[in-house]
1. Evaluate the stretch A:42-51: report whether one residue or more is of a type outside the set (A, V, I, L, M), within 13 Å of chain B (Cβ to nearest Cβ) and in contact (Cβ under 8 Å) with a residue 40 or more places away in the chain.
2. Being crowded, with 24+ Cβ neighbours inside 10 Å and in contact (Cβ under 8 Å) with a residue 12 or more places away in the chain narrows it down to one of A:Met61, A:Met76, so name that one.
3. Just one of B:Thr507, B:Thr565, B:Thr515 is out of contact with any Lys or Arg (no Cβ under 7 Å at 6 or more places or on another chain), assigned to a loop (DSSP other than H, G, I, E, B) and not charged (D, E, K, R); which is it?
4. So is B:Tyr153 assigned to a helix (DSSP H, G or I) and closer than 30 Å to B:Lys483 by Cα or not?
5. Determine which member of the set A:Ile295, A:Ile300, A:Ile329 is free of Cβ contacts under 8 Å to residues at least 24 places away in the same chain, of a type outside the set (Phe, Trp, Tyr) and within 25 Å of A:Glu460 (Cβ to Cβ).
6. Mind checking whether some residue in the stretch B:68-83 is more than 30 Å from A:Lys154 (Cβ to Cβ), out of contact with any strand residue (DSSP E or B) (no Cβ under 7 Å at 6 or more places or on another chain) and within 13 Å of another protein chain (Cβ to nearest Cβ)?
7. Where in the stretch B:325-439 are the strands (runs of 3 or more DSSP E), entirely inside, with at least 3 residues that are touching a residue at least 60 places away in the same chain (Cβ under 8 Å) and touching a His at 6+ places or on another chain (Cβ under 7 Å)?
Amino acid sequence: MSTKMNKIVEFRINRFNPETEKYFTSTYKVPVYKGTTILEGLQYIKDNLDETLTFRHSCRMGICGSCGINVNGKPMLACYTQVLDLGVDSITLEPLSNMPVIKDLVVDIQPFFDTYARIKTILIKNEEELKKPSEFTQMPQELKKFWDLTLCIKCSICHSACPAAIDERFLGPSALTANYRFITDSRDEGGEQRLKSMADNIWLCTQCNSCTMFCPKLLPCANAIVDDHCLIVESGDIPRTVKDVLESVYKYNNPMGTHQSKRMDWNKNSNVKTYPNVTEADVLYFVCCSNAYNIRNQEIARLMASIFDKLGVSYATLGSEEWCCGDHILRLGEKGLFEMLAEHNVAMFKKFNAEKIVTLSPHCYNTFKHDMPYSEATLNVQHYTQFLAEAIKQGKITTSKTVNKKVAYHDPCFLGKRNDVFDAPREILRSIKGLELVEMKRTKQSSFCCGGGAGKVWTEEAQPEKRPCVDRVEEALDLGVDVIATACPYCITTLEDAIKVLDVENKIVVRDILEILKEAL
Amino acid sequence: MEKYAHDILIVGAGLAGLRAAVAASEVNSKLDIAVISKLHPLRSHSVCAQGGTGAVMREKDSFDLHAFDTIKGADYLADQDAVEFFVKNAPKEIILTEHWGCPWSRTPDGKIDQRPFGGHTFPRACFAADMTGFHEMHTLYGKATSYDNVNFYDEWFVTSILVDNNTAVGLTAIEMKTGKMHAFQTKAIIMATGGYERIYEFTTFSHTTTGDGMAMAYRAGAPLMDMEFVQFHPTGLVPSGVLITEGARGEGGYLLNAKGERFMKNYAAEKMELAPRDVISRAEQTEILEGRGWEGPYGPYIALDLTHLGEEKINERLPLIRDVAIKLGGVDPVKEYIPIRPAAHYSMGGIRTNIKTETSIKGLYAAGECSCVSIHGANRLGTNSTAECLVFGAVAGEEAAKCASLYSFHEVSNQMVLAEEKRVFDGILGSEGNERVSAIRDELRRMMNTKVWIFRIGDQLESALKEIRELKRRFKNIKVEDKGKQFNTGFASALQLDFMLDLGEITIISALARTESRGAHSRRDYPKRDDENWLKHTLAYQTKDGPRLEYIPVTITRWPPAARTY
């Protein structure tokens, strides 16, 4: 390189020596130029500073899939990431997760490729047709339907980031996407066989979206898995647990197995105004099925109401006309049922005159923002943490009591990864005197899913050690925190479940941000 | 030490290796086949092939036309019987991969689409956007892994071919994960290890394409043919050398000098940017040497202009190129010129084989870039390498299967394996000198780049030969810092460098001897093609004193050498 060096960047590399079976960290100073990739930095170290540093690499153009590593907690291709783009003076490099480490940054990729051994990645067609001496006709628009899904370089980054992949029954985002690629290929006739290979394990996907966020080739894996779900739901080959959730929604318009008339039971004092008694308010308070029916979470619904009261906000709920938002149902693949729920809710939003909608659950928030028909209704929607952070900033809420606790905030995937809401919940916690807010190792974009999304909060049946929530609580325990704070009713359910499984109820608790805020008021 | 036995051993898991595995398995499902590669198959350099695979698919095209284009492109050094066989067998490979699921780009009426390519007189490059090799590889991997009788040894580094009585009897390989050497016993071996362009500093090639297989076959006694012919691709991205496909020009891209001129009008007025690669690379180098290159922080370069193609076409036909240019070149080809210059790209030479992919050693076959059959002669046309891997990979698989069905296992003596262990572990890993492997490697690559580049001249080649012999001497005095067993990549680099040094020496000696200019071999001191003295193939044999050269005639069937203009 003949250009001027831009700066020296520190490479901190978490390593493993298989001879001594010891983990250790090495730190190197690497001269970085405009355009220098992380891979070039690693090569610089190997060629000039430490020949023993071990990593895989080959094409150095993002197509062979060799050089996936964790960079500052996020999995990426070393050859396709420029050091200066990271905008920091020190970077931490680690091997990919979910696979055993062989040496330094080299992991055993076999568990990832084992998933491919369970599916077919060639066309399935009858023998006679395959003997045809000319190509099968495929129109450009037919190719276009699956083209994006053919770009997987099998780097295993999605597998590394996937919370469901800790259960080896799961085919994983890459193989599931490949399956959908072939199902969508107009030449393929193996649909039934392909659905079968997925039907007993695809439900382990939590739709946390990590696979899609980190894919260096931008494959829409999470959406492909939803599309797989749709086909399996259509075929009827679904497990009892999933069937139960869907049937409850058919029957009651909510997944909780309880009649809609009980939806306002959380409102013990009957002080919250509801539709149709009220048809307009500044805020339409969308409570979410979990907070409405789950006795543990009803307290959260009440706390939000009391804060609205305290602030003097004009607000109301839809009462028994609030149906499930359908986020879990859509991601379980029941698109028709989702549309029915959404159309009802959108109609109610139109009948009810409100400036904005405030949701308790990140799932309602997410689907209102992104999924048709909600998205085309252009709703003004806020997650409650955004509403509260705003109120705190404006001085409308002031905390008076000290809360002397060490707290780690767990980002709900549908709030953080899917909507980039990372700051509002933290701002609320930081406003509380005495509270020590710490970050878990896997945080924000790299946060590790609790395992509750896409209906899994109701369908979980994995061995405890294979549940993402258990992994997550263990991570918090390692940090020595008193409280895991979160802002999603489903995260609360799964993480509390993990605390029971681990039998650590005397060491750590899970609290909604509202519950912590209440202590400080 | 464990000994493994398989009826067929395939070394290398790129296009040729995987195609061979499929073909062998199709011949006889009872054969026990092993594919051994130092990389996971999908990490092979074949995934980097971009622009297309050449095959006659339409009525207006013809085998004769494809054959003639190839032979003229080869500057008449190709063996014409092999070329005729090749062009006839290419179309069925396209159909097979299509039937297995390869997502070939399509015409509006749903047929496999084809784009123009340099030196071809008909648009015959079948393509899957600009990721042709990638898609062929992933398709073939899906196919090869669907057979129960194909076993994969991923990340096993083959160090030598074991030969007894001029018969290939087995090989030795180090399992990277454990660092242990194992012996393999076999009835037939197929070498499919690709090229060796990493011996050049500015190259389109992956870090791992170090020519191991060529060097192993050479050491086993097989001659390497036409090693002076190294192709320089006209469009290597500055500064990394990453390939920008010829398809970019196939789709209508221009090459511009610093005056903004399409300078190809002065070199190949008819074909312009779609002249063969040797012609364009020489033109670019001339423009740069005569001061008409663009000035950049990494030295002078040529501009590849795609801006007039429009965003839609670029996104549809050249999506990888756009991504790579943005990520690694810092330019968006929709709006800006791509900075490029010639980069070492392909070895026309390789392990000499006949049309059946047989080498001079019984039971040893070779296919793909590591081989020289020879269909590319002095200069390969774009799209003919992936096609070659498919066509001759299949032949190798079939021929090796026949061979393995006829013969029984040969004896692999402990003595042979112990000798190899000694060479590798004591001689290389255990060497306690003071030379760094990376330093010798970088010096080699820089030297090849300055002295054995596009334009060559006798005294520079002489000096290169001296230098490489000095580097070989210094290699005896290396020290591998990492003494660990498991996944020792420092050790692997040393093994690779050992192979690269042999290949560099053969390239220089072959180039020095050939006192003419033909195809990619361009001698300033002998600027003309000399059919009278040099219409012949170079063979390099290993001897104690370095490579010994012999020559054999070129097979001419129907196309006598003629002037080569574009």
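1. no
2. Residue meeting the stated conditions: A:Met61.
3. Details: B:Thr507 fails: assigned to a loop (DSSP other than H, G, I, E, B); B:Thr515 fails: out of contact with any Lys or Arg (no Cβ under 7 Å at 6 or more places or on another chain).
Every option except B:Thr565 fails the conditions.
4. no
5. Working: A:Ile300 fails: free of Cβ contacts under 8 Å to residues at least 24 places away in the same chain; A:Ile329 fails: free of Cβ contacts under 8 Å to residues at least 24 places away in the same chain.
Of the residues listed, the single one that is free of Cβ contacts under 8 Å to residues at least 24 places away in the same chain, of a type outside the set (Phe, Trp, Tyr) and within 25 Å of A:Glu460 (Cβ to Cβ) is A:Ile295.
6. Within the stretch B:68-83 (the criterion being more than 30 Å from A:Lys154 (Cβ to Cβ), out of contact with any strand residue (DSSP E or B) (no Cβ under 7 Å at 6 or more places or on another chain) and within 13 Å of another protein chain (Cβ to nearest Cβ)), the answer is no, since none of the residues qualifies.
7. Working: elements: B:338-347, B:350-352, B:364-366.
Because the criterion is at least 3 residues that are touching a residue at least 60 places away in the same chain (Cβ under 8 Å) and touching a His at 6+ places or on another chain (Cβ under 7 Å), the strands (runs of 3 or more DSSP E) in the stretch B:325-439 that meet it are B:338-347.
Table: residues versus (1) buried (at least 21 other Cβ atoms within 10 Å of the Cβ); (2) farther than 30 Å from A:Pro18 by Cα; (3) within 14 Å of chain A (Cβ to nearest Cβ); (4) in contact with a Lys or Arg (Cβ under 9 Å, 6 or more places away or on another chain).
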residue	(1), (2), (3), (4)
B:Arg441	yes, no, yes, yes
B:Trp453	no, yes, no, no
B:Arg473	no, yes, no, no
B:Lys479	no, no, yes, yes
B:Phe491	yes, no, yes, yes
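The values are calculated or read from the model by the stated rules, or taken from the named source; none is laboratory data. Since the structure is predicted, the reported quantities are computational estimates derived from the model, not experimental observations. Methodologically, a virtual Cβ is constructed for each residue, glycine included, from the backbone with ideal geometry; neighbour enumeration extends over all protein chains shown.
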